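Report on the following structure.
No value in this document is a laboratory result; all are computed from the given coordinates. Keep in mind the model is a prediction, meaning the values are calculated, not measured. Virtual Cβ from ideal backbone geometry, glycine too; neighbours counted across all protein chains shown.
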Amino acid sequence: MPFRDIVGHSQVRALLARAVRQETLPPSLLFAGPDGIGKRMTAMALAQALNCLEPVEESASESRDACGRCRACTRIERGLHSDVRVLMPNDRGAIAVDTVREVIDSANYRPFEGRRRVIIVDEAEAMTEAAQNALLKTLEEPTPSSVFVLVTSRPDMLRPTVRSRCPRVRFGLIDTEDMARGLTKWHGIPEPRARRAAAMAGGCFARALGDESDEATETRAVAADVLRRLVRAPAPRLRLELAQRLVARAERQGRAPSRALRPPGGSAAPERELLGRRLEALSVLLRDVGAVASHATPQRLANGDMAALLEEIAPGFDVHRVVRAYGAIDQALVALDRNVSPKTVADWVLMQL
Ligand SMILES: [Zn+2]
């Protein structure tokens, strides 16, 4: 992903793009800042800008950015470029000295396919003492064709001698507006929801995305379950139980660390929004059910990964029932917009499906 597509960090991006253009980039850098805000992604963008075959230059800002499409850019993006290496902690959470040595040895040769070799050490604080010592020698006598980027949210855990060799690039939290735009542009999350997720994420892009995808998965699971139970046209009592399920918030587990930073009540959507989303998910599932009935291939389904479940549901939903259900969900969504209580809407719609 080129610099221009990264969410937030506009000053850092401009600084790096200018240094690439003016060839003033130091041989080693420390990218420091909170987790989940795009430090490593920016390091990858730097690797692309340095090695892109058709770089995009801007005279006014004296900057050079990657095209994002050439062979070098795509190979870097996919982790296949022989001159761009990303080191990460192993299973035991450490970056061992052998790993660092191997990379340092390769850094002594000229780049194989690109212009500059880029070595990104992600979670650099995980380097063992010996690994940091091995790296230090290289940082003290850098080779002009290589750039080391140490990425960390804990710069204080690096040896002072290593730190002092790497000019620090500071990454701050991402602005809510920037984040909302990024969620919409790159992850297709509709605008009002993107804004809400951004507001809840405390400046951390990864958290916004994680919460969003958790919610999306949960929404679809609830809708699919309700639909499955409806197949046999159950009695009113069960329908009302399903209506309750449609407005009930699911308890999320195992997410305590990120919850601690959230406002009371967590990030769960208000009832109205929750029901709206689940009804929309139901509607998409119904469309798929109709498609399955007319023998569409899984690739053509919005929920292709649920093909087996859709096959199971389809016999219970003939075309008339699907059309009727569609109409009912539409009416329910309109009623929700008009401030009818979510519970009333859920009860009513479940009687129609
Ligand atoms: Zn390119």
Calculate how steeply helix 342-352 sits against the longest principal axis of the alpha-carbon atoms of the chain, using the helix alpha-carbon long axis, and give the answer as 0 to 90 degrees to the nearest 10. 60 degrees
Hey, got the dipole for the chain? About the Cα centre, +1 on K and R Cβ, -1 on D and E Cβ, debye to the nearest 20? 420 debye
Of all DSSP beta bridges in segment 3-170, what percent run antiparallel (nearest 5)? 15 percent
Nonlocal amide H pairs with Ser63, under 5 Å, H built at 1.01 Å: Glu58
Listed residue (Met127, Asn51, Leu139) projecting farthest to the positive dipole end of the chain, Cβ model: Met127
Please state, rounded to one decimal and in Å, the Kirkwood hydrodynamic radius that the chain gives when every pair of distinct Cα atoms enters the mean of 1/r. 23.5 Å
What residues of segment 35-66 lie in the reach of a label at Ser106, counting those whose backbone N is under 17 Å from a point 7 Å from the Cα along Cα→Cβ? 44, 47-48, 51
Of Met179, Met351, Ser10, which is farthest on the positive side of the dipole of the chain, counting Cα position, with +1 on Lys and Arg Cβ, -1 on Asp and Glu Cβ, and the Cα centre as origin? Met351
Straight-line reach from Lys185: which lysines have a Cα under 29 Å away, not including same-chain ones fewer than 8 places off? Lys39
Compute the angle between helix 319-337 and the longest alpha-carbon principal axis of the chain, please, reported from 0 to 90 degrees and rounded to the nearest 10. 70 degrees
From the residues Leu25, Ala335, Ala96, which one has its Cα farthest along the dipole of the chain in the positive direction, the dipole being from +1 and -1 charges on Cβ of Lys/Arg and Asp/Glu about the Cα centre? Ala335
Multiplying the sequence separation of Val334 and Arg69 by 0.36 nm and subtracting their Cα-Cα distance, what value in nm do you get? 91.1 nm
In whole Hz and in residue order, list the ³J(HN,Hα) couplings for segment 232-240 that follow from phi through the Karplus curve 6.51 cos²θ - 1.76 cosθ + 1.60, θ = phi - 60°; x for Gly and Pro. 8, 6, x, 5, x, 4, 5, 4, 5
Using a 10 Å cut-off on Cβ atoms, rank the peptides 125-132, 276-283 from the highest mean neighbour count down. 276-283, 125-132
Mind giving me the nanometre distance, one decimal, between the label points for Ser145 and Val284, set 7 Å out from Cα along Cα→Cβ? 4.8 nm
How long is the gain from Leu136 to Arg4 if the chain were fully straight, where each residue apart is worth 0.36 nm and the alpha carbon distance is subtracted? 44.3 nm
I'd like the orientation of helix 97-107 relative to the chain: the angle between its Cα long axis and the longest Cα principal axis, in ° from 0 to 90, rounded to 10. 70 degrees
